[in-house]
Each structure stands twice: as C-alpha cells, then as structure tokens.
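Read the structure below first, then the notes.
Values in this text are rule-based calculations from the coordinates and carry no lab data. Because the structure is a prediction, the values reported are computed rather than measured. Because the Cβ atoms are built from the backbone with ideal geometry, glycine has one as well, and the counts that use them run over all protein chains shown.
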C-alpha cells in the first residue's frame, strides 16, 4: 500500500532540482490522449457544411450543450469563458477517469487542482472588475467598512475550498480502492472492486468534474453580476 | 528508551485520524437534509426539476467541504505526520 506520489527522476536545471513525478507523467499521458483525440476529430471534420450531418451533428450537439450550460450558470455576457471551461471539463474528466485504467489520477495531486482553482480565482477577480468596476471595489466594504478583512479572507478561501473538494474526493476514492485491492480476501477481488470502481471512478469522477465547473462558473457569474 | 514516546505519538495520531473522520456523520446528515428538501420541492413543483437539481448539487458540494477537510486531516495525520518530525528534531540527537 503506497498512496504517495512517486518521484521518478530528478533533473537539475541551473542549480534547481526539478522533480519529474508520477503526476507529471500521467498529465502528459492525459494531454497526449486529448491532443490525439482533437486531431482525429479535426481530420474527420475536414469540410464543414452548413447543414450538419452524421459526425458533425454529434460534435455540434456536445458544444451546444456545453454552451447552454455556461449560459445558465454564468450568463449571456460570459459566453466566451465556455472555451476555457470546456477544456478544463475535458481535462479533469479524463484525469479522473484515468483511475479506471490503473493510473494514479493527476487530480489526486493537490498541485493540479490548485492550479485550476487559482485560474478560477483570477477569473473571478478580473471579471468582477471588468463588469462591475466600482461595485466590485465597493463589494469588499459591505455591509460596513470594518468587514474588509473578513471579505478578503472569504475571497482567498474560495480557491482553497474549490481545489480541496476535487482533490479530497479523488484521493479518497483512490485510497479506498487501493485498500480494497490490498486487503480484500481472494474471492472478493472479482466482484466487489467492479461495483466500487463504478461509484468512485465513474459516478464520483463525473459528478466532481461537473461540480467544479458549475461552482467556478457560478462564482464568476455572481461576481460579475451577469447571471440572473 | 526512545520507543515508548514514539509509540504514543503513532497511537495518538491514529486515534486523532479516526476522530477527524467522525465528522462524516454530521456531513451525511446535512446532505440527507438537502436531498430530502429537494425531493419535497420537486414533488410539489415537478416542472422546476432542472433548476432544483442544479441547486441541490451545488448545495451538496458546499456541505461536502467540511467532510473533505476531515478526510484531509486524517490523511495528513496518517501519512504525513508533522509531529513525528518534530519529535525527531527535538528529542533524538
């Protein structure tokens, strides 16, 4: 039983040790998969037609569904965020599902989830300032000026809770699966893990990806004042 | 001589991890309340099912946060215990 992130090798770049960990390798594998997938989709859709048919229909349906999701969570004015969040959605979903193939999911490393949460945090502040200007600044001093430190702490707590939610769920599922494989008696190793994989690696993975995107978009929309 | 305090640290960390995981009880009660109320409101107004389900998922994710923090405290106590390093640093020369 070993839940820690294995360090595969260390590269020395100008006196600084760069650790190439299991997370980085698995992230590259997920990225490679997504890039190959994107290239295949692009070559299949060589000629776009105005009247979609067959494969193009499926792709347009997926993109339209995600656009509607962004519209309902963040509002009409923030539709351009759909591109970024579709990428985040696909990356986190593929990472979470890679646990099914026996990889250590990259999202079971806090650095990966915290990176996405930091980007969400930056988007919240930038979009809040862009769409509400003075109202955004004033929002920190509400209801009274003395509440300013509390509001700042509340803002800083957002990326932490957002990243820990995804990280804790995936890590908890991974630890439980490892424990089951290590401790279950021989005759239980054929049926029980399948049912648990279906919950921890499939349902929880899809649900947590969805929740990460919904919460990010809702926070951004609420700060920018564009969702109703 | 060094083994006895070390064993006490390990035992206390494991008991602490078990206590930290007990907050799952209260988290589960809270999430159960959220689902119960959502089912009630869907039964009363079936046409608002979509938005109620959306709000329910967001609320459940919020309520889950405290449970996740407990899990993280337990994991830190079990696998990355800072107290052992402190003990090593101060008492084993």
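Data table
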quantity: Conditions (1) touching a residue at least 12 places away in the same chain (Cβ under 8 Å); (2) in contact with a helix residue (DSSP H, G or I) (Cβ under 8 Å, 6 or more places away or on another chain); (3) over 19 Å from residue B:79 (Cβ atoms): number failed by residue A:180; calculated: (3)
quantity: Residue, nearest to the other protein chains (Cβ to nearest Cβ), within the stretch A:3-25, restricted to residues that are under 23 Å from residue A:175 (Cα atoms) and without any contact (Cβ under 8 Å) to a residue 12 or more places away in the chain; calculated: A:4
quantity: Index of the failed condition, residue A:59 passing every other in (1) closer than 23 Å to residue A:97 by Cα; (2) exposed (fewer than 12 other Cβ atoms within 10 Å of the Cβ); (3) over 18 Å from the mean Cα position of the chain (by Cα); calculated: (2)
quantity: Residue A:37 being more than 14 Å from every other protein chain (Cβ to nearest Cβ), under 20 Å from the mean Cα position of the chain (by Cα), under 15 Å from residue A:213 (Cβ atoms) and assigned to a helix (DSSP H, G or I); calculated: no
